[in-house]
Structures are given as C-alpha cells and as structure tokens.
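The values are calculated or read from the model by the stated rules, or taken from the named source; none is laboratory data. What you see is a predicted model; the values in this text were computed from it and never measured. Cβ atoms come from the backbone with ideal geometry, glycine included; neighbour counts cover every protein chain shown. Just the protein is used for accessible areas: all its heavy atoms, side chains included, with ligands, DNA and RNA removed. Shrake-Rupley method; radii C 1.70, N 1.55, O 1.52, S 1.80 Å.
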Amino acid sequence: MHRLLIVIAALGSAALLLGALGFQYIGDMPPCKLCYWQRYPHAAAVGIGVLALIIPGAVLPYLGALAALSTAGVGAYHTGVERGWWEGPSTCTSGPVGGLSPDQLMEQIMAAPLVRCDDVPWELFSLSMASWNAIASLGLALVWIAAANHARKQG
C-alpha cells in the first residue's frame, strides 16, 4: 500500500507537469513566471517519489508532501494575482496606469513582460490552471501524507 501511494503521488505530479507542457506546446499558451514556479515543486515530487521507492521510511514521503504543498501555495498565490486580490511580482504583472504621461505609459508598455501573471488564458468552471493546480496539489499532499503515515506504522 505504501509503495502504491508513492507511485500515485509521484505520477500525479508528473501528470500535472505533462498537462502544463501540453498547454504550453500543444495549446500554444506560454507560461508566466508564476506558472514556472508551480512546476519546480512538481519536478521535485517526481524525483522524491523515485527515491522513496528505493529508500524506505517516512522522511521522503513527508518531503513529497512538502513539495505538493509548496506548489499548492504558489498556485493559490497565483490565483489571487489573477483575481486581483493582491499584487503579483512586478516582473510579471502590469502596474497602475492612472496619472501616467504618454511617455511614462509607453515606457511601462515596453517594459511589460511578454506573458503576464495576472491574465487567465484558460478556465474550467471559472477556475484557472493555477486554481486547479492548487486543488490537485492539495490532494497529492494528502496522498503523500498517507504514504508517510503508512511507512511510520510499518517501520
């Protein structure tokens, strides 16, 4: 059971990574900075999953849960940026334009990133890819925690 949970969690992260790559390369939706930030913990979770199949114990599954929670956190933060609940990094969102001179506005336009973090290129049931990543990653964190708890009971 312990190994099955690890495989499910690691394959879940791999599937989310492949989905993101599919949207990027097949769907022609280039990722923003925050999208990339959400991918790194998934890649780490896949690597942790491989190691956890080789090295017994609960430590690696807990690290997998931490990776899943990390990407869920970035996904939730990205959702807030997309919804305008808070400001995103200045390197991937547009700034306020009120009160700018034409020259200042042109300078801001020319300095704007190619892919903005506050745009939503795709939604399903009013949830963006970042929102879906946060939800799915929370589920994966629960699977990782179940694997860690199972390993603790066996060890």
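Among the residues of region 13-38, how many are under 15 Å from T71 (Cβ atoms), in contact (Cβ under 8 Å) with a residue 24 or more places away in the chain and open to solvent by 20 Å² or more (accessible area, probe 1.4 Å)?
7
Looking only at region 1-29, count how many residues are closer than 16 Å to V120 by Cα and touching a Pro at 6+ places or on another chain (Cβ under 9 Å).
Of the residues in region 1-29, 5 are closer than 16 Å to V120 by Cα and touching a Pro at 6+ places or on another chain (Cβ under 9 Å).
The rows are residues; the columns are (1) out of contact with any His (no Cβ under 9 Å at 6 or more places or on another chain); (2) closer than 11 Å to A147 by Cα.
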{"position": "I48", "(1), (2)": "yes, no"}
{"position": "A58", "(1), (2)": "no, yes"}
{"position": "G64", "(1), (2)": "yes, yes"}
{"position": "G75", "(1), (2)": "yes, no"}
{"position": "V81", "(1), (2)": "yes, no"}
{"position": "G88", "(1), (2)": "no, no"}
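Condition first: over 10 Å from the mean Cα position of the chain (by Cα) and either surrounded by fewer than 18 Cβ atoms within 10 Å (Cβ to Cβ) or over 25 Å from R152 (Cα atoms) (or both). Can you find one or more residues in region 67-77 that meet it?
Checked region 67-77: no residue is over 10 Å from the mean Cα position of the chain (by Cα) and either surrounded by fewer than 18 Cβ atoms within 10 Å (Cβ to Cβ) or over 25 Å from R152 (Cα atoms) (or both).
R3 - would you say it is crowded, with 16+ Cβ neighbours inside 10 Å, charged (D, E, K, R) and under 17 Å from L140 (Cα atoms)?
When the stated conditions are applied, R3 does not pass them.
Could you check region 45-58 and list, in sequence order, the residues that are without any contact (Cβ under 8 Å) to a residue 24 or more places away in the chain and in a helix (DSSP H, G or I)?
G47, L51, I54
Does Y36 count as within 12 Å of the chain's Cα centre (by Cα) and at pLDDT below 95?
When the stated conditions are applied, Y36 passes them.
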